[in-house]
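Below you'll find the structure, written out as structure tokens, and then a few comments.
Only the coordinates and a few stated rules stand behind these numbers; no lab work does. Keep in mind that what you see is a predicted model, and the values were worked out from it rather than measured. Note that we place each Cβ from the backbone using ideal geometry, even for glycine, and neighbour counts take in every protein chain shown.
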Amino acid sequence: MSPAAFYSPARIAVFVVGLALLLTLALIPTRASERLPMLGEVAEADVLAEIDLRVVDDEATALARDAAAAEVAPVLIFDAGVRAREVATLAATLDAVDEVRAQTDLSSTEQGRALDAIPDLRVGPADFLLLELSPRDWRVVREESLGLLTDILTGNINDADVATVRESVEERVGNDLNKDQVSLVTALVSPRVSANITVDQAATEAARASARLRVDEVTVSFGEGDVIVPAGEAVGPVAAGALALLPVQSGGLPLDELAALVILALAGSVTLGAYLLLAAPESATSNRRLGMIVLLVVLFVALARWLLPEILPGHVDDYFDLALPVAVAAVLVAALLERSLAIVVAVVVAVLAGVAAVIHPDFAPGEGFGGAQALRPTVAFLLTGVAGVLATQRVMHVTQYGFTGGVVGATAFLTGLAFWLLDPERATVDVGLLALSSVIVAITTSVLVIGAFSLLGQVFGIATRLQLLELAQFTQPLLRRLQEEAPGTFHHSLLVATMAERAAAQVGADALLVRVGAYYHDIGKLAQPHMYIENQADGGNPHDKLDPLQSATVIQDHVRRGMELARRYRLPEPVRAFIPEHHGTRLVTYFYRKAAQDNPTVDPGLFTYGGPRPRRKETAIVMMSDSTEAVVRSSKARDEETIARLVDAVIQERLNEHQFDDCDLTLRQIQAIGESFKVTLNGVYHPRIEYPAPSEAERQRGVAAVPSGAPAPSGDAPVDGSALPELPRPAARP
């Protein structure tokens, strides 16, 4: 995928939104060093109200509302049906007694049993009177009982009054009744007295709820500076509610300041996103590398936000803010990706880290940190970041990042010195503290860059320049094995690397990566070096005993074996990519054509490499250089015209096979690559002049060893022509 295709608007939008969100979280100030006590904890010191507060006392409010509800009387309902029901029951009972009294043919014992059988008759010891009273006296009892019960139940009787009313029945019997009649009326009426007033629970609860609502919340007020929790006392519910309202507890920022942080974070994210979209740097074309950029930016902005509130403004004269290694973010981007992107990172991190210096609850500009001094962190972070990026340009070994740290420290000192001169209250002792901070930032920058350099490269799949330079050394184990076990393949790789590196420099590709990738592109041949023509010095060819398909399988297998070796020797992913991609999805042409001679319908898929096709211009260049070198080397004629024709034919064949469809090479670049190949190959296979015959003096001295007619030696190859040289390489693109 080309860089332009990778940096799609959708991908950049996700990058910008994600980075802005993380930066906002990183910039929001906290004050972990002054954590407020929680409910039930004992305050170590007086906790004061920083603003006017009014807190609801939930416990007192609940008590007041419960008291108001308790004062509400129950809502009562008169049940008229009680009177009718009880009077009817009594009347039915009396009717039953009348029937028993009328049965005069029964004995007294039988009449007593009949009375006992009446369900609602409960007169107790007075039941004998029911039979002994005369009809006249019984009629009086009957009428008095029904009338008295009706009168009693006409009044309001609640559950609490029932017992009292029953006890008063005897007193309410008419005075004209004798003692036996009174006893009997009392016995008949008392059991029938029931409550006719009930509580309307729903209405009562509604009335009490209304009473609760009419009671205002009980609040406790604290003025600014008032003690919320005295030292040594536990935090109660009211105090806990007050502490929850303090700005420190709720995030420390008013809404407008929070909105400002969001805008700044979004602006920084948009700046980075716009650069990626417009410049489309090839060095960052993977989600993992974009993730690394996000990690570094957010990490060092968060570091500044965490540490700067501890330094400023109280220690403004100590210059300790300059000791923060914020430049490490930009230096690592320059070392692992590219310098132009690192400059943008340096600007974004410096601005946002400088904002972190002044956006926190304890910031007070009047404490020696007003005016120009307020710009000091931002300016220092920006200049040290840019200086660190520029200092990585000529780093050739990881330990040289110590020099980068020194440049960062020197820049920090000069920046701090300029602000010291602007301080009207400056003191000479401050210069010593400034120097100390500069030394600290130099050391920490060097240590962090050296420590994180290899780790980040491995985690995020980045082949760093230093790593490539180390892999290019011929003392590397794999290259040493190639020299000893497959010398023909080794020298073929050298010539491919020379051709490819020069061509890469012509079209703006990564020449160093191309050279290293070419060195290692055929390491899979170490598994069976004798199976490849360049290593068959004795003239024997094992393929003469194999059919074409078997030979093709052996040739194809060097890609799989190469990937296994690359993983075993921990080659970085960009270098490993050269192993399969330099063949792409091409045919093993020689053996396929041999097989097709015997069987024209043979399946080409059996003779095809597994790919993938080149996905970067660097691997595409090595594909072309590998093929053209092999074709020219196998040609008997190597004059300039033949070389040009062969180079053009090979490149056109790769175009016809669509091998370059997945990379971002243009036709103009492909043409330039071909022209570069022609120049390099003509230099390798240039014609040699013949030696003249040795002179008489040489023959007499016995020093003439080269016979007449032998080609004259050149400065770029041994006389016996036993090995192809490594041609001079152009300077690698930084």
So the angle from the long Cα axis of helix 589-598 to the longest Cα principal axis of the chain, reported in degrees to the nearest 10, equals 80
Calculate the dipole size of the chain relative to its Cα centre from +1 charges on Lys and Arg beta carbons and -1 charges on Asp and Glu beta carbons; express the result in debye to the nearest 20.
5300
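Taking the beta-carbon count within 10 Å as an exposure proxy, list Ser634, Ser454, Ser145 from fewest neighbours to most.
Lowest to highest Cβ neighbour count: Ser634, Ser454, Ser145.
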Mind grabbing the base-10 log of I(q)/I(0) for the chain at q = 0.06, 0.09 Å⁻¹? Debye formula, identical points on the C-alpha positions, no solvent, two decimal places.
-0.63, -0.97
Quick one: which of Lys617/Lys678; Lys594/Lys617; Lys594/Lys678; Lys594/Lys636 span more than 23 angstrom between C-alpha atoms?
Lys594/Lys617; Lys594/Lys678
Spin-label model distance (nm) - Glu110 vs Thr475, 7 Å beyond Cα toward Cβ:
13.9
Going highest first, how would you order 491-503, 209-221 by mean Cβ packing within 10 Å?
491-503, 209-221
Which residues in the range 72-96 have a backbone N closer than 20 Å to a point placed 7 Å from the Cα of Asp159 along the Cα-to-Cβ line?
72-83, 86
Over the range 467-701, what relative contact order in percent results from Cα pairs under 8 Å that are six or more residues apart?
21
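In deg cm²/dmol, rounded to 500, what helix-only [θ] at 222 nm does the chain give when every DSSP H run of at least 4 residues adds -39500 (n - 2.57) and the total is split over its residues? Working shown, then result.
Details: 32 runs with 428 residues, N = 734.
Value at 222 nm, helices only: -18500 deg cm²/dmol.
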Helix 376-391 sits off the longest principal axis of the Cα atoms of the chain, rounded to the nearest 10 on a 0 to 90 degree scale, by 30
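Ranked from highest to lowest mean number of other Cβ atoms within 10 Å per residue, what is the order of the peptides 281-287, 571-577, 226-232, 440-446? Display every interim value, and only then the final one.
On the way: 281-287: 17.6, 571-577: 20.6, 226-232: 15.4, 440-446: 22.3.
My ranking of the peptides, most packed first, is 440-446, 571-577, 281-287, 226-232.
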Using only the Cα atoms of the range 467-701, build the gyration tensor, take square roots of its eigenvalues as a ≥ b ≥ c, and label the shape rounded, prolate or oblate: rounded if a/c is under 1.5, else prolate if a/b is larger than b/c, else oblate.
rounded
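For Thr399 and Asp176, compute 0.36 nm times the residue count separating them, minus their Cα-Cα distance, and round to one decimal in nm. The partial results should precede the final answer.
Values: separation 223, 0.36 × 223 = 80.28 nm, distance 12.88 nm.
Here the answer is 67.4 nm.
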What are the residues whose amide H is under 5 Å from the amide H of Phe222, where those residues sit 5 or more places off or on another chain and H is modelled from the backbone?
Leu53, Arg54, Val55
Residue-wise, which Karplus ³J(HN,Hα) couplings in Hz belong to the range 446-455, taking 6.51 cos²θ - 1.76 cosθ + 1.60, θ = phi - 60°, and x for glycine or proline?
4, 5, 5, 5, 5, x, 8, 4, 5, 4
Listing Met38, Met563 by rising number of other beta-carbon atoms within 10 angstrom, fewest first, gives Met38, Met563
If contacts are Cα pairs under 8 angstrom and at least 6 residues apart, what is the relative contact order of the range 76-199 in percent?
42
Looks like the range 97-249, by Cα gyration tensor root eigenvalues a ≥ b ≥ c and the a/c under 1.5 rounded cutoff (else prolate when a/b is bigger than b/c, oblate otherwise), is prolate
May I ask you to derive the FRET efficiency for Glu675 and Ala259 from their Cβ-Cβ distance with R0 = 56 Å, giving the value to the nearest 0.05?
0.45
Of the candidates Gly432, Ala45, Gly461, the farthest towards the positive dipole end of the chain (Lys/Arg Cβ +1, Asp/Glu Cβ -1, centred on the Cα centre) is Gly461
Degrees, to the nearest 10: 487-507 long Cα axis against longest axis of the chain:
70
Find the relative contact order for the chain and round it to a whole percent, using C-alpha pairs within less than 8 Å whose residues are 6+ positions apart.
13
Sequence of Lys678, Lys179 once ranked by neighbouring C-beta atoms within 10 Å, starting from the fewest:
Lys179, Lys678
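What FRET efficiency would be calculated for the residue pair Asp226, Thr585, taking the C-beta separation as r and a Förster radius of 56 Å, to the nearest 0.05?
Details: r = 79 Å, r/R0 = 1.41.
Step by step, r from the Cβ atoms, then E = 0.10.
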Distance from a point 7 Å along Cα→Cβ of Val199 to each backbone N in the range 64-91: keep the residues under 18 Å and list them by number.
66-79
Would you grab the residues whose amide H sits under 5 Å from the one on Leu48? Only those 5+ places off in sequence or on another chain, please, with H modelled 1.01 Å from N.
Ile228
